[in-house]
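**Student:** This is the structure I want to talk about, given as structure tokens.
Read-outs throughout are calculated quantities, based only on the coordinates presented, and are distinct from any laboratory measurement. A quick note: this is a predicted structure, and the numbers were derived from the prediction, not measured. Note that we place each Cβ from the backbone using ideal geometry, even for glycine, and neighbour counts take in every protein chain shown.
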Amino acid sequence: MQFDWPAIVRSLFSREAVTAVAISILVLGVLLAYLAWRYMHYFLSDAGIDEAVEGTAFERTAQRFGTSTVGLIATLVGISLYIAAILLAGAVSQRFRDVSLWSPFVAYLPNLFVALFALMIGLIAGDKAKLSVSEKFRSIKLPEAELLPELVKYSIIFLAGLVALGQLGVATEALLILLAAYAFGLVFLGGLAFKQLLSAGAAGVYLVLSQPYSIGDEVRIQGQQGIVQEVDVFVTHIESEGEEYVVPNDQVFAGGIVRIRG
Amino acid sequence: MNALREFLDDIVADTDAVFLFSPSASLYQSFEDDDTEVVVIAPENTVDAGTFVELPLEFTNMADRIRFGVEGALEQEYVEEDADVVCIGDVFDDTPDSIVRVQVAEFSPSGVYGLFVNSRAEPSVINDVLDVAVELGKKGQKGKPVGALFVVGDAGKVMNKSRPLSYNPFEKSHVHVGDPIVNVMLKEFSRLDGAFVISDGGKIVSAYRYLEPSAEGVDIPKGLGARHMAAGAVTRDTNAIAIVLSESDGLVRAFKSGELILEVDPEEY
């Protein structure tokens, strides 16, 4: 059930009173927007958002414009409330005569805000993911390893952009096809690249669970004989006379195990 | 006051490096801009120092801490062997209250740094085992003092140089030292006789092991019991290290290559 609130207000009050109500709605809207802005500021800072986004490129850009991520989100919320109040006041007082000119834009507004918000989250999450991935790779001094964090970052931004464009109703089919191709490539090439590791891991799960051999046993795997020192999910360490063989677990399966009972 | 100041000047004159023990960020900052070499020695590198030695234990004794720090800095070549070092640390509270001058050349290394860093097992594993032993020493089993022997690293060889006293309660289990359940579990199992065997990666391989190394040529202080002798001997025969909680005097001792390296009193932690 939908009430036509502006119409109800108009039928309840006289013309002057309606203007007064419209003005008070405007004032209330400003107050509410300000309160929301303050509260968002407080709430987001309290939730540790400002620490979480610290050091991301988005935060730095925001700071160059004299604001911050928290400030931007709070301002966005405040502005949206403010605009809502203006529109409500306008509808009550029927100031905006040509409503048909406005209504598409009004209907579009929430989508615009969601899109902006999605883009913002995407940018920050992308930056964050890049930071954490490069943190993981920091010990690896390899120029090629720097490509991966960038890739992760732009993948996330791409997804966020897709969501934002979808919100705005822009045709995203071409981009979706691109995404599908990208995802397929990732899964296919990733599967190809991690084939060995995955099969070693799968074999390792069996070895770890059922322990056909355990630490201290003397075994022979693919011609390497020695004492088992360590079994983990991916590899088995076998040691004999100062030499340590690190055998991938899928090899253990492929070649079988010889346990030597002395 | 002049005499005091002069004395202090004498102590810090011509030093090659400053060792800061668990410094605050501001203290580190003030030294960092100085032209003497600064080495930070702390459980965690909270100040992002470039030259850092990690303390695996909260040594309460300042001398132990300095010993570890100097050996670590030497090993990582932060200081030369003929360097003079000034250590700034705390004896009583968490605020730096003491200055100690150490001549690295006149310092006989005890191998305590090597015990942690240059052993087969990972330093974090050794640290965890030491924590468990200290914990056990503090609480005991139902208030009574207990003894325990942990052999860490080179588990394959240790297993081959020992035999089971009974069924191994850790067979087909995947318990690692450092898991939260381990403290409780080991406390229960410590009433069992024999040694715990722990692998390089920290997996508890077995309990109830009777160690059979040859004790020939093991040089440990007289007066320590069979448990310590076994610990010393097994570390001489294999590349493992052994951590022993003594039942009689309650101290935790660490052995490597058949020698006593470290002695800590659980009551102090």
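**Student:** How many times 2.2 N^0.38 Å is the alpha carbon radius of gyration of chain B?
**Tutor:** Numbers: Rg = 20.5 Å, N = 269, 2.2 N^0.38 = 18.4 Å.
Output field value: 1.11.
**Student:** Which residue fluctuates the most in chain B, going by a Gaussian network model with Cα springs under 10 Å, if the choices are B:GLU216, B:GLU259, B:GLU54?
**Tutor:** Largest GNM mean-square fluctuation: B:GLU216.
**Student:** Counting other C-beta atoms within 10 Å, and keeping those with at most 16, which DSSP coil trypsin sites (Lys or Arg not before Pro) do you find in the range B:198-247?
**Tutor:** Numbers: sites: B:LYS203, B:ARG209, B:LYS222, B:ARG227, B:ARG236; in loops: B:LYS222.
For trypsin sites (Lys or Arg not before Pro) across the range B:198-247 that sit outside H, G, I, E and B with at most 16 neighbouring Cβ atoms in 10 Å, the list reads B:LYS222.
**Student:** Here's a follow-up. Just name one of A:PHE253, B:GLY89, B:PRO145: the one whose Cα is farthest towards the positive end of the charge dipole of the protein assembly as shown (beta-carbon charges, Lys/Arg +1, Asp/Glu -1).
**Tutor:** Selected residue: A:PHE253.
**Student:** Which of the residue pairs B:LYS161/B:LYS256; A:LYS153/A:LYS195; B:LYS144/B:LYS222; B:LYS161/B:LYS187; B:LYS139/B:LYS203; B:LYS187/B:LYS256 have a Cα-Cα distance greater than 18 Å in the structure shown? Kindly include the intermediate steps, with their values, before the conclusion.
**Tutor:** Values: B:LYS161/B:LYS256 16 Å; A:LYS153/A:LYS195 25 Å; B:LYS144/B:LYS222 25 Å; B:LYS161/B:LYS187 25 Å; B:LYS139/B:LYS203 24 Å; B:LYS187/B:LYS256 24 Å.
A:LYS153/A:LYS195; B:LYS144/B:LYS222; B:LYS161/B:LYS187; B:LYS139/B:LYS203; B:LYS187/B:LYS256, as the Cα separations exceed 18 Å there.
**Student:** For the protein assembly as shown, take the alpha-carbon Rg, divide it by the Kirkwood Rh, and send me Rg/Rh.
**Tutor:** Numbers: Rg = 33.7 Å, Rh = 29.6 Å.
Answer for the protein assembly as shown: 1.14.
**Student:** With a cap of 15 neighbouring Cβ atoms within 10 Å, and only residues DSSP puts in a loop, list the GluC sites (Glu not before Pro) found in the range A:31-79.
**Tutor:** Working: sites: A:GLU51, A:GLU54, A:GLU59; in loops: A:GLU54.
In loop regions of the range A:31-79 (DSSP not H, G, I, E or B), the sparsely surrounded GluC sites (Glu not before Pro) are A:GLU54.
**Student:** Using the alpha-carbon centroid of each, what span in Å lies between the range A:157-201 and the range A:59-76?
**Tutor:** 30 Å
**Student:** Given a cut-off of under 8 Å on Cα pairs at least six residues apart, what relative contact order in percent is computed for the range A:213-260?
**Tutor:** Contact order relative to length: 37 percent.
**Student:** How high is the relative contact order of chain B, given as a whole-number percent (alpha carbon pairs under 8 Å, six or more residues apart)?
**Tutor:** 16 percent
**Student:** Let me ask something else about it. Within 10 Å of each Cβ in A:16-24, how many Cβ atoms from other chains are there, averaged over the peptide?
**Tutor:** Details: counts 0, 0, 0, 0, 0, 0, 0, 0, 0.
If you average over the peptide's residues, the count of other-chain Cβ atoms is 0.
**Student:** Under unit Cβ charges (Lys, Arg +1; Asp, Glu -1), what dipole magnitude, rounded to 20 debye, does the range A:213-260 have relative to its Cα centre? Mind dumping the intermediate values first?
**Tutor:** On the way: 2 positive and 9 negative charges, 50 e Å.
So the dipole magnitude of the range A:213-260 works out to roughly 240 debye.
**Student:** A further question on this structure: As a test of the formula, what do you get for chain B when each DSSP H run with n ≥ 4 contributes -39,500 (n - 2.57) and the sum is divided by the residue count, at 222 nm and rounded to the nearest 500 deg cm²/dmol?
**Tutor:** On the way: 8 runs with 82 residues, N = 269.
That comes out to -9000 deg cm²/dmol.
**Student:** Given the DSSP H assignment, sum -39500 (n - 2.57) over each helix run of at least 4 residues in chain A and divide by its residue total; what's the result at 222 nm in deg cm²/dmol, nearest 500? It would help to have the intermediate numbers written out before the result.
**Tutor:** On the way: 10 runs with 181 residues, N = 262.
Here the helix-only value at 222 nm equals -23500 deg cm²/dmol.
**Student:** Same structure again: About its Cα centre, what dipole magnitude does chain A give when the only charges are +1 on Lys and Arg Cβ and -1 on Asp and Glu Cβ, stated in debye to the nearest 20? All intermediate terms of the calculation are to be shown ahead of the outcome.
**Tutor:** Numbers: 17 positive and 23 negative charges, 251 e Å.
With Lys and Arg at +1 and Asp and Glu at -1, about 1200 debye.
**Student:** Would you kindly calculate the mean projected area, averaged across all directions, of the convex hull enclosing the Cα atoms of the range B:119-268, in square nanometres?
**Tutor:** Dividing the Cα hull surface by four gives the mean projection, 7.9 nm².
**Student:** Going by how many other beta carbons lie within 10 Å of each one, how would you line up A:PHE137, B:PHE189, fewest first?
**Tutor:** Values: A:PHE137 13, B:PHE189 18.
Least to most surrounded, the residues fall as A:PHE137, B:PHE189.
**Student:** Hey, what angle do you get for helix A:15-46 against the long axis of chain A, alpha-carbon based, 0 to 90 degrees rounded to 10?
**Tutor:** Here the helix axis deviates by roughly 20 degrees.
**Student:** Follow-up. Which of the trypsin sites (Lys or Arg not before Pro) across the range A:186-262 are loop residues per DSSP, with 11 or fewer other Cβ within 10 Å? If you can, show how the numbers build up before the last one.
**Tutor:** On the way: sites: A:LYS195, A:ARG220, A:ARG259, A:ARG261; in loops: A:ARG261.
Filter output for the range A:186-262: A:ARG261.
**Student:** Largest first and to the nearest Å, give the Cα extent of chain A along each principal axis.
**Tutor:** Largest to smallest, the principal-axis extents are 105, 37, 36 Å.
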